[in-house]
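Notes follow the structure.
Every number in this text was worked out from the coordinates using simple rules, so none of it is lab data. On a predicted model such as this, the values are computed, not experimentally measured, just so you know. Using ideal geometry, Cβ is built from the backbone for each residue, glycine included, and neighbour counts are taken over all protein chains shown.
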Amino acid sequence: MGTLLSLLTFEQLVDKIAEFHDRARVGESRNGWKKLLEVAKGLAGTASRDNDPSADSAWYLTEVQAQGYQGIGGEQSLSIELDPTPGITVIHGANGSGKSSIADAIETALQGRVREPALEGRGGNVPIWEREHCGRDVQQATVALTLRSGSNSLRLRCCIDRSGTTTEWSARQSSDGADREIDLSATGWLSAVTGYRPVFSYAVVEREVQLARNLQQFLERLLAFGSCFDVLDQEIENRSAAAIEARDRWDAALRDAQARASEVDKERAREDRTQLLPMEWPTADQDPDSWLRRSELTETGIALPEVPATTLDNLRGLAAAVEHELTELREAETSLHAQLAGPLRDLHAEAEILDDVGDLCPVCATEGVPWLDRLGEAVADVIEIQTRQDSCREAIASLRASTVDVLGNVAAVLAGGEQLEKPGWWQATIAPLLDEAQQAGGRITTGLRTAGSAVVAWVNSPDCEEAVLAASAESDHLRQWRHARREAVDDFVTVWRSTADDASQAAVWSSAKTRLATLRTSLRSERANVLGAQTNLKVEALLADVGITLESITVQGRQASLRVIDQQDRDLQLSMLSAGQRNALLLAPMLAVSDGGPFRFLVLDDPVHAFDQVRVDRLAAAVSEVAKARRVLVLTHDERLKEHLLARNANCDVRGVARDPGTGIVTSAVQGEMWKVLLLDALGVLDTAQTQPQGVTLPPYDIVRGLCRQAFDNALRSLVLRAAVRQSRAPDQDLQELDDEDRTRARIRRARQLVASIPAAGTALDDAEQLVGAYLDGWNRSSHGNPPVGAQDIPSLRAEVQTAQQACERITTI
Amino acid sequence: MDLRIRLELLAAAAFDEACQPSVRGRQSRAKHRLLHLLHNLPNDQAAEAYKLIRLGAYVMEESSNILHGRSGMIDLPRVVVDEWRSIVEQLEALAPSARA
């Protein structure tokens, strides 16, 4: 995760979860990690950082505007421009000059709402120091910021009504010439603002951190989990909640179905009737259709034997057919023709093979007739008898088969669907008959005719009628019972089908939620260690002289602790710290986390609150360190801090703020531009030489001209910087191009190119070059240790400095 | 006190070296005399040296406040003394005598 507390990305989360997943044993834990991993990967695949200004950007604050906000009056807008380069801007002013209003305005615009009050209450518990964010005499306060990252800019605007409610929060990003609105609440912006807290006010933080849980909240935010973790957390929460809700619905539907089915069973089950088997209830991970089939509750029918009401009629119809066939056969067989059929067929077969049968009929001795032909016709009639025999046999077989089927179903229905032994009457009466009636083919035997007749008789008997009707009644009863059961579970099945996926996953989602808590704890521990180590560096910088160090930061659940020790390694209770030490301890984490986030600025409002002089100096050193990589805006009334910061930083400017108590108008004026400081020093050097009783042998021309050159370069940089901002160019690149030129004249030429689209800037450069043109060679010669040119007496050098002042003034006031 | 004296001596020596006054006057304007450490300094060191000189001037002013009782800091912490000493030593390294 690196040594900096950067906002967690989905890719980092995926890696971390994969580690846990690989270490987890098979079972619920592993399933939970697996599910968490799936979700994180899914989010990583869909997350877009293109429109997220908190991703891969380094935003400098370049302009602050406020009107009607807190102590800043509504009549005139306050506007402060800031350099988009590392360094320090001191905003210096007396108490009540609007410094904290400026800091709060920046914080409000960054997060799109006013700060939550640290305390809330009514009556005697009303917090008396909470700020009113909307100014006294206005209906609406407006704050706006411009931020810049390379050639990209981001414009934030926030409006607040008198109740402190945000009425507008907009963000407009300009990138590569395209301008678009961004919904910052849908990006990681707010997480970044929370995690890196680019605005620190001791007065605010002290009010905020009063209780142990406040400390936990304060530190937890600085662990900078970021929006990716929040999104993952929300996703798991949503899915887990959906799964649990689905499972609850499933459970409720099941309970309802069980109750309704129980009622049905209670109504339908009678001791004298056949019973359905008790229902077996499913679990959510089963398939509803399989369960319906197993429970004989499918809509397409029931697989178990049934005896419909038409069974007896159908059976008796078959019996009548058999009876009819037997009668027909019997009648056909009793005719003389039929009795002679056999011998005649034999005679015809034998005669047919003779060459000459003669014309004397061998039966009736009639002469002169074609007796063989006539015999053939008689034999053909015999086939009809055979056909009737076949029909009869088929009828008996059909009756037999139906009887077997029907009686099988009857037995099964009466036995409640279970495979039981055939009842006694079956064994004793009909079974032998049916066995006898089983004949595959050939001529109908006497036995078959007898068996067929017996089956017919049994089918038409009261025994058969009683058995079939009883079975039919039971079958109808059971069918209706099943239908009632099906109705009882219908709603449950509907719910089951709609919730099956989620309900069956409830346990896994619940496990995933638990794993996410484990992940959070692990990340907290890791990041608290990093935060602790980085914060301690700042604590040491601020409190080393009193031997106070931060041993560790612990954030767990709703608890957090800062372990602070003294020189003898003894624990120090936080309550034992002085106000100044407390301020230092709360400020240190802010300074520590500033490196990781997307902000290249840090606002410190009254950072020396309750500090002694040593602490002010320590803070100046620590802030100067932080300012190497960002612009630090220090709002203070402290003269010592201002002076120390100016002394420590070459890139430090001072602005004074003042507030008109009558109108509330807050104004800001540049006081300590570096070129002015350099030229004042140049004059100071000349004054020192001039005040020598008998003058000096060598006027300090090289020092004075070197300072003039530095001052003019500084003013040039200031011009190029502001022009870059106005032209939406990347300030770093423009400054680098300027720095690449060695000589001042070449730097002026380059500056002219860089500000080309601002005519006023070009004119100012022309004027400035005309003013100092005669001195430039001398300045460069001095800077490079070459012999001087031009006048070197002190009055001439003083005139040179004053001309340099005019030139710098000209190019810094466009 | 030791650091303050070293700074005063450094400032005086730097001025004398750079301007070569005919007669030594009062050692006032010590802060501006320190700027004479820039005399004959290579161009690429000038910016850092200027920053250091400003720090030295700050130390001079603060130590003066302490010595004259204008500061609440009676017992100067070791860490501050060490830092000031480091600044003075870096300034002494800029002196023409040290450079030579």
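Residue by residue through region A:618-630, which ³J(HN,Hα) values in whole Hz follow from phi under the Karplus form 6.51 cos²θ - 1.76 cosθ + 1.60 (θ = phi - 60°), with glycine and proline marked x?
3J(HN,Hα) across region A:618-630, in whole Hz: 4, 5, 4, 5, 5, 5, 4, 5, 4, 6, 5, 10, 7.
Given H placed 1.01 Å from N in the peptide plane, which residues other than close sequence neighbours of A:LEU572 have an amide H under 5 Å from its amide H?
A:VAL564, A:ILE565, A:ASP566
Work out the FRET efficiency for A:ALA517 and A:ALA401 from their Cβ-Cβ distance, taking R0 = 56 Å, and round it to the nearest 0.05.
Here the calculated transfer efficiency is 0.20.
Say a paramagnetic label sat at a point 7 Å from the Cα of B:ASN43, along Cα to Cβ; which residues of region A:670-713 have their backbone N under 15 Å from it?
Only A:702-703, A:705-713 pass the distance filter.
Provide a whole-number value for the mean count of partner chain Cβ atoms within 10 Å of the Cβ atoms in peptide A:632-645.
1
If R0 is 22 Å, what FRET efficiency do you get for A:ALA533 and A:GLU625 from their C-beta distance, rounded to 0.05?
Values: r = 16 Å, r/R0 = 0.73.
That gives a FRET efficiency of 0.85.
Projected onto the charge dipole of the protein assembly as shown (+1 at Lys/Arg Cβ, -1 at Asp/Glu Cβ, origin at the Cα centre), which of A:LEU433, A:ALA467, A:ASN238 gives the Cα projection farthest towards the positive end?
A:ASN238
Under the rule of at least 5 residues apart or a separate chain, name every residue whose amide H is placed under 5 Å from the amide H of A:THR62.
The list, which skips near neighbours in sequence, is A:THR146, A:LEU147, A:ARG148.
Taking 0.36 nm per residue of separation and subtracting the Cα-Cα distance, what length does fully extending A:GLN140 through A:GLN438 add?
Extra length available between A:GLN140 and A:GLN438 comes to 96.8 nm.
Report, in degrees rounded to the nearest 10, the 0 to 90 angle that the Cα long axis of helix A:794-812 makes with the longest principal axis of chain A.
Tilt of helix A:794-812: around 30 degrees.
What nm distance separates the two modelled labels at A:THR366 and A:ALA241, each placed 7 Å from Cα along Cα→Cβ?
Computed distance between label sites A:THR366 and A:ALA241 equals 10.9 nm.
Determine the relative contact order of chain A: mean sequence separation of Cα pairs under 8 Å and six or more apart, normalised by residue count, in whole percent.
19
Given +1 on the Cβ of Lys and Arg, -1 on the Cβ of Asp and Glu, and no further charges, what dipole in debye does the protein assembly as shown carry about its Cα centre, rounded to the nearest 20?
Roughly 7260 debye for the protein assembly as shown.
Put +1 on the Cβ of each Lys and Arg and -1 on the Cβ of each Asp and Glu in the protein assembly as shown; which of A:SER77, A:VAL720, A:VAL685 then has its Cα farthest toward the positive end of the dipole?
In the protein assembly as shown, that residue is A:VAL685.
How much FRET efficiency would the formula 1/(1 + (r/R0)^6) give for B:ARG78 and A:ASP595, where r is the Cβ-Cβ distance and R0 is 35 Å, rounded to 0.05?
Approximately 0.75, to the nearest 0.05.
Between A:VAL199 and residues 5 or more places away or on another chain, which pairs have amide H atoms under 5 Å apart, with H built 1.01 Å from N, and which residues are they?
A:VAL603
For region A:399-407, in order, what is each residue's ³J(HN,Hα) by Karplus, 6.51 cos²θ - 1.76 cosθ + 1.60 with θ = phi - 60°, in whole Hz (x at glycine and Pro)?
Whole-Hz 3J(HN,Hα) from phi for region A:399-407: 4, 4, 4, 5, 4, 4, 4, 4, 5.
List, in order, the whole-Hz ³J(HN,Hα) value for each residue of region A:563-571 obtained from phi through the Karplus relation with A = 6.51, B = -1.76, C = 1.60 and θ = phi - 60°; use x for Gly and Pro.
For region A:563-571, the Karplus-derived couplings read 8, 10, 10, 9, 4, 8, 6, 8, 5 Hz, x marking Gly and Pro.
Please compute the average number of Cβ atoms from other chains found within 10 Å of each residue's Cβ in peptide B:34-41.
Shielding by partners across B:34-41 averages 6.
Report the relative contact order of region A:674-812, percent, no decimals, based on alpha-carbon pairs under 8 angstrom and at least 6 residues apart. Provide the component values of the computation, followed by the final result.
Working: 165 pairs, mean separation 47.6, N = 139.
In percent, rounded to a whole number, it is 34.
Need the C-alpha centroid separation for region A:510-585 versus region A:358-378, integer Å.
133
Please name which of A:THR283, A:ALA252, A:HIS324 has its Cα lying farthest along the dipole of region A:243-335 towards the positive end, using unit charges on Cβ (Lys, Arg +1; Asp, Glu -1) and the Cα centre as origin.
A:ALA252
Average partner chain C-beta neighbours within 10 Å, per residue of B:81-90?
Shielding by partners across B:81-90 averages 1.
Label-point separation (nm) for A:THR663 and A:ASP356, each offset 7 Å from Cα along Cα-to-Cβ?
Here the answer is 15.9 nm between the modelled labels.
What nm distance separates the two modelled labels at B:ILE66 and A:ASP501, each placed 7 Å from Cα along Cα→Cβ?
The two pseudo-label positions are separated by 7.4 nm.
Over chain A, one equal point on each Cα, no solvent: what is log10 I(q)/I(0) by the Debye formula at q = 0.08, 0.11 Å⁻¹?
The Cα Debye sum returns log10 ratios of -0.87, -1.25.
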